[in-house]
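Working notes for the structure below.
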Amino acid sequence: MRRIKINNAEPGMVLGKTIYGYNYEVLLNRGVVLTNAYIKLLKNRGFIRIYIDDEETEDIVLEDPISDKIRIMSTKDIFRTYKVTQSSIANIEADTAESIIKCINTPKVKQSFQESPAFKQLCNDINYFLDEIMNQDILSGLNSIKSFDNYTYEHSVDTAVIALIIAKRLRLDKEKLVQIAIGEFLHDIGKIFVDEKIINKPGKLTADEFKLIKLHTIYGYELLKDIHTIGVASAHIPYQHHERQDGTGYPRGLKGTNKLDSKGVTYTEHEKMILIAEIAALADVYDACSSDRPYRPGLPPDVVFELIRAGAGSQFNKELVDCFLGVVPKYPLGFEVKIKNGTYKDFTGVVASLNLCQLSKPKVRLLHDDKKNKISPIEIDLSSQGVTIEMECVS
Ligand SMILES: [Fe+2]
Ligand SMILES: [Fe+2]
């Protein structure tokens, strides 16, 4: 299986992963043979990439860290939790940050959130979610193909997946994993208290608009901080997920220790980030940069990988980044790559298998030459001695 741009899809290709519609109804099943009409339908629905199965890549198995069933269930419950909270503030007029915070802390808003079947179900989903994640040691590197309408909810699920795989590598205990799961599911819930027009604005934000967006961290914290099923530590994920190690983040300009072993730091210490929020900060940027948005395609995984590496120490906890780079492949399985030097310069192919000891040096299967002509596959192992091939992901 491999991932291709919808613009490169051709009739006769076989779909490698099921594609879902706005309400997670099946649009096209895995195994369907693409026709011009299907390709047009997918383009019209805003899909930029799809997975296909073909002879050259049939041995490449791309597994999502969580099943479609659990992914869809959690996404829907996050969506429903957002909606129920949104409707509890529908007729309330509050236009300053203070009045919005006051409104969030009214029994009406708190109760409709806490007692909603959607939120209870979401808490319940965590067990299924953790069960599936526990079998995963590395990230596939391929984030989900998100639909434009449900981006926020799908992003929340993906950040939970990323954060939990890191947490698992760090051997954090079950209590922390549960805190991470619920905190990530709801890390951006504060956005429902910010004007939708600003949240969905495709272009650059003005300074005033950005000021308002920043408040989503405080609103999220205010909503979750005294919900006993969540716990105050989880509420610090919405609160701190935009903070940075060097103190230039928001809303409070907290700093980090750049160490994993910061046992002394708790959420009551007011100048430092807590580890679960540092994990959330990293997962948030990784997923947001990799995802396609209506106004820009996602960055290629090797570029995001380098971006995270470059942010180590200033933006992200340095020791955490070291751990992260050990669980995420720079060139994900099934991804299209282009050779940059040597005999095969400008040949393209796919990542055919990962080398778990050296995640950045996979086996690559070249399928097209430098003139884009199909060739009989050539396999190169980047981890072999003497191989000095450089490559980049095709965006
Ligand atoms: Fe956020
Ligand atoms: Fe986010």
Burial order of peptide ranges 169-176, 182-189 (average beta-carbon count within 10 Å, highest first):
182-189, 169-176
Full-extension gain between Tyr151 and Glu271, please, as 0.36 nm times their residue separation minus the C-alpha to C-alpha distance.
40.0 nm
Expressed per residue, the solvent accessible area of region 31-131 in Å² (1.4 Å probe) is about 53
Take the Cβ-Cβ distance between Leu170 and Ser395 as r, set R0 to 25 Å, and report the resulting FRET efficiency rounded to the nearest 0.05.
0.25
When the scattering of the chain is computed by the Debye formula from its Cα atoms alone, each counted once and equally, what is log10 I(q)/I(0) at q = 0.10, 0.12 Å⁻¹?
-0.69, -0.97
Whenever you get a sec, compute what percent of the accessible area on region 2-53 sits on carbon and sulfur atoms (1.4 Å probe).
48
Cross-link pairs beyond the 30 Å C-alpha cut-off, checked among Lys174/Lys361; Lys43/Lys76; Lys120/Lys318; Lys146/Lys259; Lys17/Lys330; Lys40/Lys76
Lys174/Lys361; Lys120/Lys318; Lys146/Lys259
Under the 0.36 nm per residue contour assumption, what length would be gained going from the current alpha-carbon distance of Lys83 and His228 to full extension?
50.1 nm
Roughly speaking, to the nearest percent, how much of region 68-325's 1.4 Å accessible area is carbon and sulfur?
52
Taking the Cα centre as origin and putting +1 on Lys and Arg beta-carbons and -1 on Asp and Glu beta-carbons, what dipole magnitude results for region 76-192, to the nearest 20 debye?
180
Check Tyr20: other-chain or 5+ apart residues with amide H under 5 Å from its amide H, H built from backbone geometry?
Leu27
Dipole magnitude of the chain about its Cα centre, charges +1 at Lys/Arg Cβ and -1 at Asp/Glu Cβ only, in debye to the nearest 20?
480
For the chain: relative contact order, % (alpha-carbon pairs under 8 angstrom, 6 or more apart):
14
Using θ = phi - 60° and the Karplus curve 6.51 cos²θ - 1.76 cosθ + 1.60, what whole-Hz ³J(HN,Hα) does each residue of region 351-364 get, with Gly and Pro shown as x?
6, 8, 7, 9, 9, 5, 7, 10, 4, 8, 10, x, 8, 10
Residues other than Glu56 with Cβ under 13 Å of its Cβ, Lys/Arg counted +1 and Asp/Glu -1, net out at -4
Hey, what number do you get for the chain at 222 nm if only DSSP H runs of n ≥ 4 count, each worth -39500 (n - 2.57), divided across all residues, to the nearest 500?
-12000 deg cm²/dmol
Rank-order 26-32, 214-220, 82-88 by packing density, defined as the average count of other C-beta atoms within 10 Å over each peptide's residues, highest first.
214-220, 82-88, 26-32
I need the phi-derived Karplus couplings for region 48-59: 6.51 cos²θ - 1.76 cosθ + 1.60, θ = phi - 60°, integer Hz, Gly and Pro marked x.
9, 9, 9, 9, 10, 9, 9, 4, 5, 10, 5, 7
Whole-Hz ³J(HN,Hα) for each residue in region 318-329, computed from phi via Karplus 6.51 cos²θ - 1.76 cosθ + 1.60 with θ = phi - 60°, x for glycine and proline: what do you get?
4, 5, 5, 4, 4, 5, 4, 5, x, 10, 10, x
Considering the options Thr57, Ala90, Thr75, tell which one lies farthest towards the positive end of the dipole of region 48-131, charges being +1 on Lys and Arg and -1 on Asp and Glu at the Cβ, about the Cα centre.
Ala90
Given R₀ = 30 Å, what would the calculated FRET efficiency be for Met134 paired with Leu205, taking r from the Cβ atoms and rounding to 0.05?
0.15
Contour minus Cα-Cα distance for Val26 and Asp68 (0.36 nm per residue):
14.0 nm
Taking a probe of 1.4 Å, how large is the accessible area per residue of region 321-395, in Å²?
49
Under a 5 Å amide H to amide H cut-off, with H placed in plane at 1.01 Å, what residues pair with Arg293 once short-range neighbours are removed?
Gly298
Using the basic label-point model (7 angstrom from Cα toward the beta carbon), what is the Glu98 to Lys214 distance in nanometres?
1.9
Efficiency by 1/(1 + (r/R0)^6): what FRET value for Gln358 and Val303, r their Cβ-Cβ distance, R0 = 22 Å, to the nearest 0.05?
0.65
Long-range amide H contacts for Ile375: which residues qualify at under 5 Å (H placed 1.01 Å from N, peptide plane, sequence gap of 5 or more or a different chain)?
His368, Asp369
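The values are calculated or read from the model by the stated rules, or taken from the named source; none is laboratory data. Since the model is a prediction, treat every value here as computed from it, not as a measurement. Ideal geometry is used to build each Cβ from the backbone, glycine not excepted, and the neighbour counts take in all protein chains shown. Protein only, heavy atoms only, side chains kept; ligands, DNA and RNA dropped before computing areas. Shrake-Rupley method; radii C 1.70, N 1.55, O 1.52, S 1.80 Å.
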